[in-house]
């Protein structure tokens, strides 16, 4: 079932899917620029014909609670608490200052973005967890104004999750048009400073195309997992983690890198057995068609190959995991040991599941509080402090031919 893969070709294919989607995304963006709300409503009615507004009303949010089991609401609340606790540990001081030498005090002022937009995937499945993952770090950062978009019809559980975290502005818009609406703005939707959240290739392509209008978190397309394993790995655990990522989307992808060739056959057997039990078999089968394995002669080669892949999720299933963890440079989120399924990070361990895909974990970090902030450096210098560094400033400024820079220091130093 798993096919042997070439790392470079696999990565190139993941990126080419985004390139192919950019043309369609660009056309949709242009429609939203020209038609605004009219186009958004027309597109939403393809999936929810009877609606008269793209904005979700408070009545709809209140009604959603009637359709969600109380125990599920309690689970969302508990997950919110755990995710919040983790993200609060990431929060920087609003302002820190330190006198690094007499007369020279330096620091950083951290300011939350004033408005952000979240993309919550939908249609193939409900993702209330992604509502939590987007909104909680923004709230912890102190963002005062938030909106969310999700494909229609938005399932009640997603509305409940958004309400629990306090997102009041919700729109039934999906795809590239949702990204365009939040980035550009329409009659109903104020433009945002930044857009976060995962989506399909068209959503991700639109985010990349609209970075001049609104900053984004990172390319976060169809889900993927890399599993680094040796002969000690449990084949059933590996197989179910592969299936768990594959059930997200037909374009999801999974790669097993192992030092034990015999493990591949054992995992294949488990995949065949477990797949028959799963209702999303058709989606999984499509995803498995571009998933596979690589065998390496030793653990160092396996680590090197995985760093090249830079997977969204990385599962480490080896005898001695700590040296492997230390050697990993590129991964969105890392899951160590046999009893750490990726699903733990998806829902309730507290870490964030909005992560870079298609090898972009080699460049970007997963979603965190800092994504919703910007920083300004601060300096407070007394006259003695300026005297201490004055010669350095003047010498370099004169060498660069910027005499006014140098003189701005000389005037102050000579002032009595």
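Any read-out appearing in this document is the output of simple, stated calculations on the displayed coordinates, not a laboratory observation. None of the values given here were measured: they were computed from a predicted structure. Here the Cβ is made from the backbone with ideal geometry for all residues, glycine too, and neighbour counts use every protein chain on show.
Most fluctuating residue of 175, 350, 197 in a GNM of the chain with Cα springs under 10 Å: which is it?
The residue with the greatest mean-square fluctuation here is 350.
If I stretch the segment between residue 405 and residue 365 completely, what's the gain in nm (0.36 nm per residue apart, minus their alpha carbon distance), one decimal? Kindly include the intermediate steps, with their values, before the conclusion.
Details: separation 40, 0.36 × 40 = 14.40 nm, distance 3.74 nm.
Once the chain is fully extended between residue 405 and residue 365, it gains 10.7 nm.
At what distance in angstrom do the alpha carbon centres of region 45-82 and region 306-324 lie from each other?
What the calculation gives is 37 Å, centre to centre.
At a 10 angstrom cut-off on C-beta neighbours, averaged per residue, how do the peptides 6-15, 157-166, 220-229 rank from highest to lowest?
Working: 6-15: 14.7, 157-166: 22.4, 220-229: 27.2.
Descending packing order for the listed peptides: 220-229, 157-166, 6-15.
Arrange the following residues from fewest to most other Cβ atoms within 10 Å of their Cβ: 377, 105, 285, 259. Intermediate results must be reported in sequence, preceding the final value.
Numbers: 377 8, 105 16, 285 13, 259 19.
Sorted ascending by nearby Cβ count, the order is 377, 285, 105, 259.
Kindly express, to the nearest 10 degrees and within the range 0 to 90, the angle between helix 235-246's C-alpha long axis and the longest C-alpha principal axis of the chain.
So the helix axis and the longest Cα principal axis differ by about 70 degrees.
With an 8 Å Cα cut-off and a minimum separation of 6 or more residues, compute the relative contact order for region 268-353 in percent. Intermediate results must be reported in sequence, preceding the final value.
Working: 62 pairs, mean separation 17.7, N = 86.
Worked out over region 268-353, it gives 21 percent.
Could you give the C-alpha radius of gyration of region 222-353 expressed as a fraction of 2.2 N^0.38 Å, taking N as the number of residues it contains? Walk me through the intermediate numbers first.
Values: Rg = 13.6 Å, N = 132, 2.2 N^0.38 = 14.1 Å.
Cα Rg divided by the expected 2.2 N^0.38 Å: 0.96.
Based on the Cβ-Cβ distance of residue 277 and residue 67, what FRET efficiency does E = 1/(1 + (r/R0)^6) give at R0 = 22 Å, to the nearest 0.05?
Details: r = 27 Å, r/R0 = 1.24.
After rounding, the FRET efficiency stands at 0.20.
Report the extension gain between residue 46 and residue 109 in nm, rounded to one decimal, defined as 0.36 nm multiplied by the number of residues separating them, less their alpha carbon distance. Please list the in-between numbers first.
Values: separation 63, 0.36 × 63 = 22.68 nm, distance 4.64 nm.
Roughly 18.0 nm would be gained on extension.
Please give the Cα centre distance for region 392-416 versus region 157-200, rounded to the nearest Å.
Between the Cα centre of region 392-416 and that of region 157-200, the gap is 50 Å.
Can you work out the FRET efficiency for the pair residue 398 and residue 27, with r the C-beta to C-beta distance and R0 = 45 Å, to the nearest 0.05?
Values: r = 54 Å, r/R0 = 1.21.
So the FRET efficiency works out to roughly 0.25.
Could you list 382, 295, 186 so that the one with the fewest beta carbons within 10 Å of its beta carbon is first and the one with the most is last? Before the final figure, lay out the partial values.
Numbers: 382 13, 295 17, 186 22.
In order of increasing Cβ crowding within 10 Å: 382, 295, 186.
Would you mind checking the tilt of helix 299-309 against the longest principal axis of the Cα atoms of the chain, expressed as 0 to 90 degrees and rounded to 10?
Taking the Cα atoms of the chain, the angle to 299-309 is about 80 degrees.
Using alpha-carbon pairs under 8 Å, 6+ residues apart, how would you state the relative contact order of region 1-133 in percent?
Values: 44 pairs, mean separation 14.6, N = 133.
After rounding, I find 11 percent.
Within the chain, what percent of beta bridges assigned by DSSP are antiparallel, to the nearest 5? Could you put the intermediate results ahead of the total?
On the way: 16 of 50 bridges.
Taking every DSSP beta bridge with both residues in the chain, the antiparallel ones total about 30 percent.
Using Cα atoms only, what is the angle between the long axis of helix 7-35 and the major principal axis of the chain, expressed in degrees (0 to 90) to the nearest 10?
Around 70 degrees separate the two axes.
Debye calculation, C-alpha points only, no solvent: report log10 I(q)/I(0) for the chain at q = 0.08, 0.10 Å⁻¹, in the same order as the q values.
Here log10 of I(q) over I(0) equals -0.52, -0.76.
Once you keep just the Cα pairs under 8 angstrom separated by 6 or more residues, what percentage relative contact order results for the chain? If you can, show how the numbers build up before the last one.
Numbers: 821 pairs, mean separation 84.9, N = 416.
About 20 percent, as a whole number.
So how far apart, in nm, are the two label points at residue 15 and residue 304 if each is 7 Å from Cα heading toward Cβ?
Placing both labels 7 Å along Cα→Cβ, they lie 2.0 nm apart.
For residue 78 and residue 377, FRET efficiency with R0 = 56 Å and r from the beta-carbon atoms, rounded to 0.05? Please report the intermediate quantities before stating the final value.
Details: r = 39 Å, r/R0 = 0.70.
E(calc), rounded to 0.05, equals 0.90.
Please grab the % of Cα pairs in region 285-416 that end up more than 20 Å from each other.
Numbers: 5600 of 8646 pairs.
Percentage above 20 Å: 65.
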